[in-house]
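Worksheet: the structure to be examined is printed underneath.
Every number here is computed from the coordinates shown, using simple stated rules; none is lab data. Computed from a predicted structure; not experimentally measured. In this analysis, Cβ positions are derived from the backbone assuming ideal geometry, glycine residues included, and neighbour counts consider all displayed protein chains.
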Amino acid sequence: MKKILITRKLIKSSEEYAASIFDVKLNKEDRVLTKDEVISQSNDCDGILTSLTEKLDADTISKLSGKIKIISNFAVGVGNIDLDAAKKRNIVVTNTPDVLTDATAEIAILVLLGAARRAKEGMEWTKKNWKWSADFLMGKQLTGSRLGILGMGRIGRAVADRARSFGMRIHYYNRSRLDKNLEKDAIYHKSFESLLSVSDFFSINCPATKETRHIINNKTIKHFPDGAIISNSARGDMIDDDAMVEALKNGKIFSLGLDVYNGEPNIHPEYLTLPNVFVLPHLGSATIKTRTAMGDLAINNVDEFFKTGKCVNCVNLN
Ligand code: GLV
């Protein structure tokens, strides 16, 4: 029986499933393990099932036991793992696509709406001093507005589908133009700046890579229409926080909705104090249905790999 370190607590049924096919080392307290603990606790294991809270950088991967053949990430994003370092050691890295698309697209719309309709201020007023007046907490309406989507993969397209039902016109920028059946009525922009210039609303749904790091910065923010609304439900890396805070303060950006941010859990302090930032703690896939499916898929990825030597959800060796 192969031995697997599961770095964080999973839904109970997934842990039971894992224990039925592997010898599992569980993290009963669900404490975030340090890099050294990941290395030492996985020393006698054949694989590791990681979560986005563990940073498997090149140094950590170089110190893993030679027995480790697979790192199965309990997430679709794999920015927490140095894929090249894993490849150099011939360690397969897998992720959990598809099963979390709908839940994550729902959160993308939630943070977009939360920012646009001033949900944070509204909640604070409700707690302090309920009030109503004709011009109180005026937000911006999605209906009839243009939504720019950065990254039209599975989640970006699911966000587009939901936004269409709000009567939004979809524009997008992607590594390449989509086929007509996937693009539907969305308008492709060859240049990122061109997309920004039409984005009354803007949703970040691309992977975190070297190319997308701080793609929203002092220079690119200038291209947005004045008073644009931005949401990020992908990874914090895409936003230069200092530039964003400045734009939120001077009104260039009306409001920001975040489910993710740089350095989680250490949020930029001004995101907590600015009234026009609506933040959630990385809840994208947090439904029982989705987290169960993700756990099972992360386990199945390991199983498939040990049975066949391959895995359809491998992201670094194909
Ligand atoms: C969540 O953020 C994921 O990448 O699965």
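Odds and ends about this structure:
- Its convex hull of Cα atoms gives the stretch 167-257 a direction-averaged projected area, equal to a quarter of the hull surface, of 5.9 nm².
- Cβ-based exposure ranking for 56, 182, in which fewest neighbours within 10 Å come first: 182, 56
- Rounded to 0.05, the FRET efficiency of the residue 59 and residue 13 pair, given R0 = 30 Å and the Cβ-Cβ distance, is 0.30.
- Here the stretch 239-303 was treated as a single set of alpha-carbon atoms; its pair distances binned every 10 Å from 0 give 19, 38, 21, 17, 6, 0 percent.
- Over the stretch 119-175 - Rg/Rh using Cα atoms and the Kirkwood inverse-distance radius: 1.17
- Neighbour net charge for residue 84 - beta-carbon separation under 14 angstrom, K R +1, D E -1: +1
- Pairwise Cα inverse-distance average, inverted: Kirkwood Rh of the chain (Å): 20.7 Å
- All other residues whose Cβ lies under 14 angstrom from that of residue 312 are scored, Lys and Arg at +1 and Asp and Glu at -1, for a net of -1.
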